[in-house]
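Accompanying notes for the structure given below.
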């Protein structure tokens, strides 16, 4: 089952995707369920009731006719992993623990939904604005001190994620902090796919494209620490809650093709680790994160119109 959130009459509504082009509104097929996905997940049988209500339904609404929104309305925690792909560790030359995940947090305000514009910082503020294509995990069942063997029972589903990162601000101090949390700098979506439909994450591949050019491609089994181990580790520190999101890290850049002048031009890179094949996100770009069997998260990149000379 694929669950979306979309804008409708000034508020956010939920839908279930029924085909490549159509969906049904949750309010139409299950009016007794809450209008919030997290509230549905908080009910022990909420997701199962929604699956039953959606079974066999034909969509009566067009996906193309709505604006998608982030489907987590009030997440308790939005975790992210750094240096969790072997290819990314190799390209940066950085060291990390082979046993414990390198974790940081993002705010809900730093994410937009599928199709919504990602906002690039003004060049006067920062120029190294990077995509990071990732798999994200959404918790459905709460728990503390979760054994690795039982961790996947706590997963509601998965989504694609672009963790837009402002490298200059990331390097200002030892904490990633603001560089990972610029307003509307990242995205997730286009939907939540339940775990029973997605299957084993390790059997899938993540691909990132910028203006149609593939910039990242890696199997998800290249992750240093898998989903179960990360969930178990997090649960040692606090009780995981329905709607918690975990971004599982990003792979390294693909080497540029001979005709890829932009990817070969290191003089156009402003981050701490100039890397062949890496390009920064800029206004006017279109960035796609695709995970096979899950979907494509597509976002235009736009200018931060709130920045002006009076704001400086």
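What to note about this one:
- Residue list for the stretch 1-59, restricted to those being surrounded by 15 or more Cβ atoms within 10 Å (Cβ to Cβ), out of contact with any helix residue (DSSP H, G or I) (no Cβ under 8 Å at 6 or more places or on another chain) and within 20 Å of residue 189 (Cβ to Cβ): 6, 8, 12, 25, 36, 37, 38, 51, 59
- Filtering the stretch 172-197 to residues that are crowded, with 21+ Cβ neighbours inside 10 Å and out of contact with any helix residue (DSSP H, G or I) (no Cβ under 9 Å at 6 or more places or on another chain) leaves 187, 188, 189, 191, 193.
- Residue list for the stretch 152-171, restricted to those being closer than 23 Å to residue 224 by Cβ and either touching a strand residue (DSSP E or B) at 6+ places or on another chain (Cβ under 8 Å) or surrounded by 23 or more Cβ atoms within 10 Å (Cβ to Cβ) (or both): 154, 155, 157, 158, 159, 160, 161, 162, 163, 164, 165, 167
- Number of the exception - residue 16 against (1) touching a strand residue (DSSP E or B) at 6+ places or on another chain (Cβ under 9 Å); (2) at pLDDT below 95; (3) not assigned by TED's automatic domain parsing to the domain that holds residue 165: (2)
- Reported count of residues in the stretch 244-277, each being within 23 Å of residue 103 (Cα to Cα) and touching a strand residue (DSSP E or B) at 6+ places or on another chain (Cβ under 7 Å), is 11.
The values are calculated or read from the model by the stated rules, or taken from the named source; none is laboratory data. What you see is a predicted model, and the numbers here were worked out from it, not measured in a lab. Note: ideal-geometry Cβ built from the backbone for every residue, glycine included; neighbour counts use all protein chains shown.
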